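Q: Quick one: the structure is below, and I'll ask about it shortly.
All of the numbers you see were taken from the coordinates with simple rules; none came from a lab. Just so it is clear, the structure is predicted and the values come from calculations on it, not from any experiment. Positions of Cβ are generated from backbone atoms using ideal geometry, with glycine treated the same way; all protein chains shown enter the neighbour counts.
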């Protein structure tokens, strides 16, 4: 570790050279000119979007290259400035690639590809090129950074291990998804089992990769057994809940009771399952556009109501009262006909009107109907209630409200005069 710190301090001495400072100053000037002057002129030129983006991508690096051509006339070095200009151009070209991929792939996938894979790899490559200009990468790779379980670890092995693990975490998803899709297609496994198989294959690839990296770094079998023993103790204490949620998530996927697209009732609100993750399930609540993270273990310990286990249809209901002097058969027929006029109410099964009870001020009715998607329940109930209001108004159906009659009382009760109607 001391050797590594000594090398880094040597790089800082390189920055004190006058020709290096001049090149860094020129690169900073190119950045400022690009942001303050060139960008605004290109935006105001009225070019097509494609050409405007291309000019924005190459103008800044081109300006840096132009300054690098002027430095030799001032008896200054220009290699670092030219290299920084090339890095700048490559970074801008990645932005153009993102714009092109947006036309072919979902924006979320493109953003993940650029932000998690291509841009980090580009920055890593640029960093290695810069380090190679300052020092020898092969010499840096053999610097000892410490020991772990009696195994000497050098800088090259650490960097390689971190890079392989990062690529495994990102690159294991597509092959696992492809294998799970083949099993779903040719073996006839269910959709929930396909997602569970995809998750298991991905974690298996990552686990085997980490094991291979550990052997590459220099761990022996005894060291790995010691790590496994420590993890087992941790499962019994600190991360028991995490492991329980992980196993619960796999079981839910195999069982198919909670899967993406499922609609569950959480605290009285319908919520759609968006993603079944490693630790928790992500649900979306429609009424306030909120995303809920529910631990996977919760679905094993608490009851949950689903509206999409066998199909996505849901029976809904609205209640209304009508005055006693209206014929119940006519009111029920009007309720059923009104529900059929609402576009999002299914025609089959047909709506059903019911007389529920005789209230203090009205006869209480219920209108039950079927909808295609459970998440639309609140909006459709509102449409049905509005349609009932309009239909009752057109047919002179009275919706009474509770009324109370107040009597004046005197004390003692013997002096109370009975109320008589005239």
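Q: Shape verdict for segment 260-306, please, from the Cα gyration tensor: rounded (a/c under 1.5), prolate (a/b greater than b/c) or oblate. Present the calculation step by step, with values, prior to reporting the outcome.
A: Numbers: a/c = 1.77, a/b = 1.22, b/c = 1.45.
Oblate is the answer for segment 260-306, as a/c is 1.5 or above yet b/c matches or exceeds a/b.
Q: If each of residue 389 and residue 115 carries a label point 7 Å out from its Cα toward its Cβ, how far apart are those two points in nm?
A: Here the answer is 4.3 nm between the modelled labels.
Q: Place the peptides 279-287, 121-129 in order of packing, highest mean first, counting for every residue the other Cβ atoms within 10 Å and averaging per peptide. Working shown, then result.
A: Numbers: 279-287: 17.4, 121-129: 13.4.
In decreasing order of mean packing, 279-287, 121-129 become 279-287, 121-129.
Q: What percentage of all Cα-Cα pairs in segment 241-379 are separated by more than 19 Å?
A: Tail fraction, whole percent: 60.
Q: Just for the Cα atoms in segment 314-394, what are the lengths along the principal axes, largest first, rounded to whole Å?
A: Computed over segment 314-394, the largest-to-smallest principal extents equal 36, 23, 20 Å.
Q: Now for a different question. What does the highest-first list of 77-86, 268-277, 346-355 look like by mean Cβ count within 10 Å?
A: Packing order, densest peptide first, comes out as 77-86, 268-277, 346-355.
Q: So, one more: Note down the Stokes-Einstein diffusion coefficient of segment 88-130 in µm²/s, whole number, using a Kirkwood radius over alpha carbon pairs, 25 °C, and 0.890 mPa s.
A: On the way: Rh = 10.8 Å.
Roughly 228 µm²/s, to the nearest whole number.
Q: Which distance in nm do the two modelled labels at residue 122 and residue 324 give, with both placed 7 Å along the Cα-to-Cβ direction?
A: 8.0 nm
Q: Rounded to whole Å, give me the distance from the Cα center of segment 308-370 to that of segment 86-121.
A: About 54 Å separates the Cα centre of segment 308-370 from the one of segment 86-121.
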